[in-house]
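Notes to accompany the following structure.
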Amino acid sequence: MLRAALLGAANNESMARFVMAHGRRFGAYRFVAGETFEQFMRAVAATNAAGMRVAAGLLGEDVSTVADARAVAAQYCGMLERFAAQRADANVALKLTHLGLLIDSDLARENVAKVIAAAGRHGNFVRMDMEQSACVQPTLDIYRALRADGLDNIGIVLQSYLYRSRSDFDALLHLRPSIRIVKGAYLEPASVAYPRKRDVDRNYVALMEASLSSGGFTAIATHDEAIVQHAIEFIQRNDIAADRFEFQMLYGVRPRLQQWLVARGFGVRIAVPFGAQWYPYFMRRLAERPANLMFFLSSMWRA
Ligand SMILES: Cc1cc2nc3c(=O)[nH]c(=O)nc-3n(C[C@H](O)[C@H](O)[C@H](O)COP(=O)(O)OP(=O)(O)OC[C@H]3O[C@@H](n4cnc5c(N)ncnc54)[C@H](O)[C@@H]3O)c2cc1C
């Protein structure tokens, strides 16, 4: 109920204005590395210094003009140049709606291809995040088209809450894809997604094991300690090479678990988001955990 209310509130404009005006007080900056590029680059340096890689995300989704979508692609290209210049251990993860998917899928494809080309010039990599269920098929179609064009420095995400993800995985297998597996962050109806957490978790483990057993690369993106432990046992039992997987977590979430993995020699990448458009991202993080929500509600009460 509360999760649905919070995710629903992400579309409420007056709520958005109020929360954004008091972002720091509401705890948004625990999950967001700042609003400016320079603040973000400091977070990248600190993350690298702590032994972790970065997946950079410029916050924002669902742009409404072609010019805005192209400007976002240009910002990602600039970011990749800066990573190369500063030798940052960072790639990018972007949302196709931010690159114009809801305006025209050819525009999104053209924009993501520019970012992939910029990444390719520096031996770097681009991952396309997975958004709400209506975007899954167009995102997979663009992924396949880019791979058919010979672009290999690109990865995809599958969400274990969706019934379709297992068959999507099977259909991608021949491409030896780089897949990030997540549980899924959007509010989806029972017609497309498992309503019960235990089914989402079970499907996560099944997808993760299938991906680790395949020839591709697996990004195990979760803060779920039981799943992380299960992954480690599976990796050790099956002798999976270190360059075939990494753990991924979100900036500001379970920092001790992140460090615990680094201390044991595992590759860890942190998704570090930044930018002024942090509101929907922040609401999804609140919705994931009752304790975050309680902190937020008590801050609102005091505001
Ligand atoms: C690197 C990365 C990339 C992602 N990319 C996508 C994507 O492209 N598309 C998409 O739909 N989703 C994405 N997600 C979000 C994901 O779908 C989940 O919503 C999110 O990771 C929470 O699920 P969990 O696997 O951590 O498990 P959960 O069962 O939700 O959480 C397990 C435990 O982790 C801790 N935890 C989890 N979330 C939080 C939080 N916000 N604050 C504090 N503690 C928390 C709690 O201790 C909780 O008990 C991504 C997540 C990660 C880590």
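Nothing in this text is a laboratory measurement; each read-out follows from the coordinates by a stated rule. Bear in mind the structure is a predicted one, so any value in this text is a computation, not a measurement. With ideal geometry, Cβ positions are generated from the backbone for all residues, glycine too; neighbour counts draw on all protein chains shown.
Values as computed for the structure displayed
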quantity: Cα gyration tensor, segment 21-131 - rounded (a/c under 1.5), prolate or oblate; calculated: oblate
quantity: Ellipticity estimate at 222 nm from DSSP helix runs (n ≥ 4, -39,500 (n - 2.57)) divided over the chain, nearest 500; calculated: -15500 deg cm²/dmol
quantity: Calculated FRET value between residue 14 and residue 64, using beta carbons and R₀ = 22 Å, to 0.05; calculated: 0.65
quantity: Backbone HN-Hα couplings from phi across segment 230-244 [Karplus 6.51/-1.76/1.60, Hz, Gly and Pro as x]; calculated: 4, 4, 4, 4, 4, 4, 5, 5, 9, 6, 6, 5, 5, 8, 9
quantity: For the chain, projected area of the alpha-carbon convex hull averaged over all directions, nm²; calculated: 15.0
quantity: Point-to-point label distance, residue 122-residue 46, nm (Cα→Cβ direction, 7 Å offset); calculated: 2.1
quantity: In Hz, Karplus ³J(HN,Hα) per residue of segment 137-144 (6.51, -1.76, 1.60; θ = phi - 60°; x = Gly, Pro); calculated: 4, x, 5, 5, 4, 5, 4, 4
quantity: Segment 32-277, relative contact order in percent, only Cα pairs under 8 angstrom and at least six apart counted; calculated: 24
quantity: Gain in span if fully extended, residue 166 to residue 197, counting 0.36 nm per residue against the direct Cα distance; calculated: 9.5 nm
quantity: Stokes-Einstein D in µm²/s, Kirkwood radius over Cα pairs - segment 93-144 at 10 °C with 1.306 mPa s viscosity; calculated: 144
quantity: Antiparallel content of DSSP bridges confined to segment 32-277, in %, to 5; calculated: 5
quantity: Cut-off 12 Å between beta-carbons: net charge of the residues surrounding residue 72, Lys and Arg +1, Asp and Glu -1; calculated: 0
quantity: Potential lengthening between residue 240 and residue 85 on full extension [0.36 nm per residue; Cα-Cα distance subtracted]; calculated: 52.5 nm
quantity: Interchain or long-range residues, amide H under 5 Å from residue 245's placed H; calculated: 218
quantity: Interchain or long-range residues, amide H under 5 Å from residue 214's placed H; calculated: none
